[in-house]
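Right, I'll just put the structure down here and ask away after.
Values quoted throughout were computed directly from the atomic coordinates according to the rules given, and no laboratory measurement underlies them. Given the structure is predicted, the values throughout are model-derived calculations rather than measurements. Positions of Cβ are generated from backbone atoms using ideal geometry, with glycine treated the same way; all protein chains shown enter the neighbour counts.
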Amino acid sequence: MAELTYRDAVARGIAQEMERDPDVVFLGEDVAGAGGVFKATVGLLDKFGPLRVRDTPISEQAILGAAMGAAMTGLKPIAEIMFSDFFAVCFDYIANEFPKSRYMSNGQLKCPLVVRTGNGAGSRFGAQHSQSVENWCMMIPGLKVVAPSNPRDVIGLMAAAVRDPDPVIFFEHKSLYATKGEVPDGEIVDRLGTATIARPGKDATILALALMVPRALAAAEKLKSEHGIDCEVVDVRSLVPLDTQTILGSVARTHRMFTVEENPRLCGWGAELASIVADEAFYDLDGPIVRITTPHIPLPAADLLEDIALPSVERIVDRVNKSMNA
Amino acid sequence: MAIASNKAAAQSGSARRETEVPPDLTKDQEIAAFRDMLLIRRFEEKAGQLYGMGLIGGFCHLYIGQEAVVVGMQMSLKAGDQVITGYRDHGHMLACGMESRGVMAELTGRRGGYSKGKGGSMHMFSVEKSFYGGHGIVGAQVPLGTGLAFANKYRGNDNVSLTYFGDGAANQGQVYESFNMAKLWNLPVIYIIENNQYGMGTAVARASATTTLATRGSAHGIPGESVDGMDVRAVKAVGEKAVKWCRDGNGPIILEMMTYRYRGHSMSDPAKYRTKEEVDKYRTERDPIEQVRARLLAKKLSSDEALKKIDTEVRAIVNDAAEFATNDAEPDASELYTDVYA
């Protein structure tokens, strides 16, 4: 067991898979020589050499297209798109090519690739480098979508993503790179489609993803100590496949559901989860489902404005407390 | 016939070499080319008929007129070389050796189609025949074909990726991202621009600031050559040179095939943006199949009777495919949910 940053976990996760499988190749802008713009891939070039760890031109369509072309022949590329906002530049591959190839080819074409990307706000990068776009990908049949919240999950879900035969979009949160967590020694392999209960509780279920997980956990501590409300925090981790069993099970125990979402409100991932719970577990609920989200706005750059746009610990505490006492 | 650099091409004002007489094919090669092109022609004529009868729905982009391009290029390949193209793909599939029945049944949406009816005209694949589609988004296949070449280089084999696209796609941005990456990484990819002179209904000169598409790689140092794509001999000759160029480790190359589609962009296009005389001129003076027929007869390498026999055989294959595609069962409803994920 060792303490590791989320950033170092990315490099360790990729290295674990590259050591195991020579078909894994890693490409992206500034990922090799510079070790990544967020320094999350430092050391990989030295370890695996320039054939397998490749700096690319700033050409997002060519990066994803070449990754898919290679994947069609059985290679297992990990491609980095530096900021998830840039998905809009290469969305043809994400929306039309990766996820349709198996279906349109009667299962002949396989697309075993991973797209890693820096997602989310907190760095004052403004409207075009701060978005949470996991919901853009969740809506596309054929993609799998994960967003780890801690270093151990980064390694385990990276392994699961690389070993998965389908295209996986792997959302790393920019504001988590510097955070630390305990990570076991040796190989870590997790499973896609599994949520974890990050904090057990009996009064309400809070569903959160990525950066919103530590905020939900901090809010749960305050809700307990200041208001006597005992919240269960579920780290959703994987949007597709979705661990409905864990989510429905938690709601069945607590009878209340809250989501904490960084994506803008309209069509955020929590709306889909709310719909599922309303369909499957309406009579388990003792009160309305409440979604705590970023508003339906572009993200501002200024410290103060960005801070109030995202769900904060205080906002989570306030919304949960008010709703539980309504 | 040396592969000209773009610099040389630009200096001479044109990369076109249509006036050169390409080397002769052997008798067997001529007959094989005649048969392979005729199969595509008859297949597409039949597909057009079935479409008219309402047996094929959706889009259907016919390849009639362009047959020499895929047949000539295919003659220059070896096993393991990959082919990828856009949505005008029936000819490429037949040239790659895919079965007429499976292609036609995909057009009619039957379970015996290559994609069990879930792909349709624009989306068919045969990994066994190294045919990687069949892609519906204009230009999307160009980065994918570049990735096929990357995989060849990564594995250290000497296979080549043939990445086809049209004159219309030549103005899409991802093409140039691919050119740059392919040259930067020295990837074994032949970019084949099938210049059939119209991107949908817009003539090349109305859509392209420069109309010699062979020079589109010049900014990236990729050599290119324009070829008479109506003459299967010329296509094969330049194809062999380009394949050798790639196998020898020289990186990407561009071949602009000057060709012509006789039909509209798709079945729903009456092609009123060009004159009947223009189409007739190509049909009567440049037709790729008639050129081979004329050579075979002039050199007495074959006879009217023997060529008619080939046509009869080809028609039998196509009729059988149409019969199969008409009578085969539709896909089971459960197929809706298969192959979304592994």
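Given just the C-alpha atoms of segment A:196-324, how large is their convex hull per residue in cubic angstrom?
In segment A:196-324, the Cα convex hull volume per residue is 98 Å³.
Run the dipole for segment A:146-266 about the Cα centre, Lys and Arg Cβ at +1, Asp and Glu Cβ at -1, nothing else charged, and hand back the magnitude in debye, nearest 20.
So the dipole magnitude of segment A:146-266 works out to roughly 320 debye.
With a ≥ b ≥ c the root eigenvalues of the C-alpha gyration tensor of segment A:127-253, is it rounded (a/c under 1.5), prolate (a/b larger than b/c) or oblate?
prolate
If the only charges are +1 at each Lys and Arg Cβ and -1 at each Asp and Glu Cβ, what is the size of the charge dipole of segment A:2-183 around the Cα centre, to the nearest 20 debye?
Computed charge dipole of segment A:2-183: roughly 160 debye.
Mind checking the mean number of beta-carbon atoms from other chains within 10 Å of the Cβ atoms in B:179-189?
3
Moving on. Over chain B, with a Gaussian network built from C-alpha contacts below 10 Å, which listed residue (B:Gly120, B:Gly156, B:Gly136) shows the highest mean-square fluctuation?
B:Gly156
Round to the nearest 10 and give me the degree value, 0 to 90, for the angle of helix A:269-281's Cα axis relative to the longest principal axis of chain A.
The angle comes out near 60 degrees.
Going by the alpha-carbon gyration tensor, a ≥ b ≥ c the square roots of its eigenvalues, is segment B:25-321 rounded (a/c under 1.5) or, if a/c is not under 1.5, prolate (a/b greater than b/c) versus oblate?
Judged from the Cα gyration tensor, segment B:25-321 comes out rounded (a/c under 1.5).
Could you work out the mean count of beta carbons from other protein chains within 10 Å of each residue's beta carbon in B:148-154?
6
Still on this structure, please answer the following. Expressed as an acute angle from 0 to 90° and rounded to the nearest 10, what is the orientation of the C-alpha long axis of helix A:313-324 relative to the principal long axis of chain A?
So the inclination is approximately 40 degrees.
Quick one: of the DSSP bridges fully inside the protein assembly as shown, what percent are antiparallel, nearest 5?
Approximately 15 percent, going by the DSSP bridge assignments.
Something else about it: Using Cβ counts within 10 Å as a stand-in for footprinting exposure, how do B:Phe324, A:Phe171 rank, fewest first?
Lowest count first: B:Phe324, A:Phe171.
Apply 1/(1 + (r/R0)^6) to the Cβ-Cβ distance of B:Arg283 and B:Thr338, taking R0 = 30 Å, and write down the FRET efficiency to the nearest 0.05.
Calculated value: 0.10.
Something else now. Expected output is a single nm value to one decimal: the length gained when fully extending between A:Ala252 and A:Ala278, i.e. 0.36 nm times separation in residues minus the C-alpha distance. What is it?
Extra length from A:Ala252 to A:Ala278 when fully extended: 8.2 nm.
Still on this structure, please answer the following. Determine the sum of side-chain charges near A:Asp235: Lys and Arg each +1, Asp and Glu each -1, restricted to other residues whose C-beta is under 14 angstrom from that of A:Asp235.
Taking every other residue near A:Asp235 into account, the sum is -2.
What distance in nm separates the two pseudo spin-label positions at B:Gln49 and B:Thr26, each 7 Å out from Cα along the beta-carbon direction?
3.5 nm
Quick one: go through segment A:26-49 and flag any residue whose amide nitrogen is under 19 Å from the point 7 Å out along the Cα-to-Cβ line of A:Ser123.
Correct set: A:27-44.
As I understand it, the dipole of the protein assembly as shown uses +1 on the Cβ of Lys and Arg and -1 on the Cβ of Asp and Glu, about the Cα centre. Which of B:Trp245, A:Ala219, A:Val31 lies farthest toward its positive end?
Selected residue: B:Trp245.
Can you tell me the 0 to 90 degree angle between the C-alpha axis of helix A:244-254 and the longest principal axis of chain A, rounded to 10?
Computed tilt is about 20 degrees.
Something else about it: Take every residue in peptide B:137-146, count the Cβ atoms of other chains within 10 Å of its Cβ, and give the average of those counts.
6
In segment A:223-291, how does Rg compare with the Kirkwood Rh, expressed as the Rg/Rh ratio over alpha carbon atoms?
Taking Rg over the Kirkwood Rh, I get 0.96.
Relative contact order for chain B: what percent, with Cα pairs under 8 Å and sequence separation of 6 or more?
About 25 percent, as a whole number.
Another one. Between B:Thr312 and B:Ala298, with labels modelled 7 Å along Cα→Cβ, what's the label distance in nm to one decimal, could you check?
2.8 nm
When a/c is below 1.5 the answer is rounded, else prolate if a/b is larger than b/c, else oblate, so apply that to segment B:190-290 with a ≥ b ≥ c taken from the square roots of the Cα gyration tensor eigenvalues.
oblate
Right, here's the next one. Residues of segment A:281-319 with amide nitrogen under 19 Å from the 7 Å Cα-to-Cβ point of A:Lys202?
Residues passing the 19 Å test: A:284-287.
Still on this structure: What is segment A:2-183's relative contact order, in percent, from Cα pairs under 8 angstrom and six or more apart in sequence?
Over segment A:2-183, the number comes to 28 percent.
Quick one: B:Ser121, B:Ser266, fewest Cβ neighbours within 10 Å first, how do they rank?
Arranged by neighbour count, lowest to highest, B:Ser121, B:Ser266 become B:Ser266, B:Ser121.
What number in nm² do you get for segment A:2-183 if you take the convex hull of its Cα atoms and divide its surface by four?
Mean projected area of the Cα convex hull: 9.3 nm².
Between segment B:156-174 and segment A:248-326, how far is it from one alpha carbon centroid to the other, in angstrom?
47 Å
What's the longest bit of chain B with no exposed GluC sites (Glu not before Pro), using DSSP loop states and at most 15 other Cβ atoms within 10 Å as the test?
B:129-342
Whole-Hz ³J(HN,Hα) for each residue in segment B:221-230, computed from phi via Karplus 6.51 cos²θ - 1.76 cosθ + 1.60 with θ = phi - 60°, x for glycine and proline: what do you get?
x, 9, x, x, 8, 8, 9, 6, x, 8
Where the Cα atoms of chain A are projected onto their three principal axes, how long is each span, largest first, in whole Å?
60, 43, 39
Restricting to Cα pairs below 8 Å that are 6+ residues apart, what does the relative contact order work out to for segment A:196-324? Please round to a whole percent.
28 percent
Take the Cα radius of gyration of the protein assembly as shown and divide it by 2.2 N^0.38 Å, with N its residue count; two decimals is plenty.
Its radius of gyration relative to the 2.2 N^0.38 Å reference: 1.09.
May I ask which residue of A:Phe83, A:Tyr6, A:Met104 lies farthest towards the positive end of the charge dipole of segment A:1-119, with charges of +1 (Lys, Arg) and -1 (Asp, Glu) on Cβ and the Cα centre as origin?
The Cα lying farthest towards the positive end belongs to A:Met104.
For B:Leu187, which sequence-distant residues (separation of 5 or more, or a different chain) have an amide H within less than 5 Å of its own amide H, given hydrogens modelled in the peptide plane?
none
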